[in-house]
Amino acid sequence: MLRIAIVGCGKVADQHVQAIHRIPDCKIVAVCDREPLMANQLAERFEISACFSDLIEMLHAASPDVVHITTPPQSHYPLARQCLESGSNVYLEKPFTITSEEAKALIQIANESGLRITVGHNYQFTLEMLEMRRLVKEGFLGGRPVHLESYWSYDLGGSMYAGAFLGSRAHWLHELPGQLFHNIISHGIAKLAEFLDDDVPLIVATAHRSPQLSHSGGSDLMDELRVLLRDKYGTTALFCFSTQFRPALNRLRIYGPRNSLMVDILTGTLIRSPGASYKSYLTYFIPPLKNAREYFRNLRLNVTNFIRQRLYQDFGMKELIERFYNSIRLNTALPIPYREILLTARIMDEIFAQIYPERVSPTLAAVALNTKVDRGLMTTDDRRRMTDDG
């Protein structure tokens, strides 16, 4: 039986506990939070026997096989490193780390220690995402993806979390190099990283503040992000993050040389789009009919999965955690390859260096600016920055 510990006892820790309770042959043996009241309340509600306010003490006393880290991103690297060096495997909430260098260092420590580490990209493991991955593996697209589109929306008005960071500049989110984007977009970027080559020579990012956010105060926070990417094989990708989309979007589109796929996480829908064309007026009738059949098929599957208790909130988290645990028990492949974790982190580094050059390290900002010069993508602000620096 795997012994599990949780570090960070805020709201998201509840989701982890509930997911872990659905998995056989594991037990939560300890929780830890630097605020003892937070650890105590989680332990009491879920009948967990041991509470700690010091990580090292918990690691020595409880000897967990796996530690789930659900703290703010700034603490991910030091906490994960301590856990790995103490002999525990690590499940890190997103984003994996603040920079790709930190990500690379953690993975190296895990490899050298014979341990495993993963990131909480649970939306990669919903029922519809698993089916999409199966279809791609079986060749439904007809070859390598030609183009990818990942859309991710976030509601600033209806979220207690948004109210917390919008109402206080002391909130930890404001200290992240990518601010709001840094804490959210890895979910959407990871969907692209799965299908892109490691070599992504083109990354162009632009960001701005929505009118809604502008009216909320004078912070430099931005909430609208658009990113264009292209890998060495010519596969292009678009990532779009917005707080203004209505209805909300959490969607991935994959265009192939023969057929295409669309996954909608919010509605649990997978739409298969064949590339066949139709002559004359048939093009107005047959494609809508096929789309209707696809949506009806999804309705039937969702009803069936609900009856069989396979459709529930946080299914993706439970699936990812269970696959991670099984990879530890059986020494099998990790559910999220390290390649994808590192590529996601590198893409995020580049995005933040472009949109927040004053917030990231001078080295990252200079690399981003030089890359734009080489590609002829400089903006007026970029030229002014070069003049000022010179």
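The values are calculated or read from the model by the stated rules, or taken from the named source; none is laboratory data. These numbers come from a predicted model, not from an experiment. Cβ atoms come from the backbone with ideal geometry, glycine included; neighbour counts cover every protein chain shown. Protein only, heavy atoms only, side chains kept; ligands, DNA and RNA dropped before computing areas. Shrake-Rupley method; radii C 1.70, N 1.55, O 1.52, S 1.80 Å.
Taking only the alpha carbons of region 253-302, we obtain Rg and Dmax values of 12.0, 35 Å in that order. All other residues whose Cβ lies under 15 angstrom from that of CYS240 are scored, Lys and Arg at +1 and Asp and Glu at -1, for a net of +1. Computed over Cα pairs, the Kirkwood radius of region 32-105 leads via Stokes-Einstein (1.002 mPa s, 20 °C) to a diffusion coefficient of 166 µm² per second. Over region 1-157, all Cα pairs binned in 10 Å intervals from 0 give whole-percent P(r) values of 10, 34, 31, 18, 6, 1, listed from short to long.
Each residue of region 297-314 was assigned a 3J(HN,Hα) from its phi angle through the Karplus expression (A = 6.51, B = -1.76, C = 1.60, θ = phi - 60°), giving 4, 5, 4, 4, 5, 5, 5, 4, 5, 5, 4, 7, 6, 9, 10, 8, 4, 6 Hz with x at Gly and Pro. Computed on region 80-146, with alpha-carbon pairs under 8 angstrom and 6+ residues apart, the relative contact order is 32 percent. Relative to the Cα centre, the charge distribution of region 1-153, modelled as +1 at Lys and Arg Cβ and -1 at Asp and Glu Cβ, gives a dipole magnitude of about 400 debye.
Straight-line cross-link reach from LYS318 at under 15 Å between alpha-carbon atoms covers these aspartates and glutamates, not counting any fewer than eight positions away in the same chain: ASP14, ASP25, GLU93, GLU128. Rolling a 1.4 angstrom probe over region 14-55 with all protein chains present gives an accessible area of which 45% lies on carbon and sulfur atoms. When the square roots of the Cα gyration tensor eigenvalues are ordered a ≥ b ≥ c, the ratio a/c for the chain is 1.5 or more and a/b does not exceed b/c, which makes its shape oblate.
Figure note: LYS318, LYS290 ranked by solvent-accessible area, largest first, 1.4 Å probe, ligands and nucleic acids not counted: LYS290, LYS318. Over the Cα atoms of region 72-200, the radius of gyration divided by the Kirkwood radius equals 1.01; this is the Rg/Rh ratio. Loop sites by DSSP among the GluC sites (Glu not before Pro) of the chain, restricted to those with at most 13 other Cβ atoms within 10 angstrom, leave 139-357 as the longest stretch without any of them. Out of every Cα-Cα pair that region 307-356 contains, those further apart than 19 angstrom amount to 52 percent. Amide hydrogen proximity for MET222: with H placed 1.01 Å from N in the peptide plane, the residues at 5 or more positions away or on another chain lying under 5 Å are LEU180. Per the Debye formula on identical point scatterers at the alpha carbon atoms of region 121-279, with no solvent, log10 I(q)/I(0) at q = 0.19 Å⁻¹ is -1.20. Can you grab the distance from the C-alpha centre of region 25-58 to the C-alpha centre of region 125-180, Å, no decimals? That distance is 29 Å.
Give me the Kirkwood hydrodynamic radius of region 250-358, using the inverse of the mean 1/r over all pairs of distinct Cα atoms, in Å to one decimal.
Answer for region 250-358: a Kirkwood hydrodynamic radius of 17.8 Å.
Placing unit charges on C-beta atoms (Lys and Arg positive, Asp and Glu negative, everything else neutral), compute the dipole magnitude of the chain about its Cα centre in debye, rounded to 20.
Using Cβ point charges on Lys, Arg, Asp and Glu, the chain gives about 1740 debye.
Farthest towards the positive end of the charge dipole of the chain, among the residues THR70, ILE189, ALA162, is the Cα of ILE189, using unit charges on the Cβ of Lys, Arg, Asp and Glu. A simple count of charges around SER53, restricted to other residues whose Cβ falls under 14 Å of its Cβ and scoring Lys, Arg +1 and Asp, Glu -1, yields -3.
Computed over region 221-306, the convex hull of the alpha-carbon atoms projects to a mean area of 8.6 nm².
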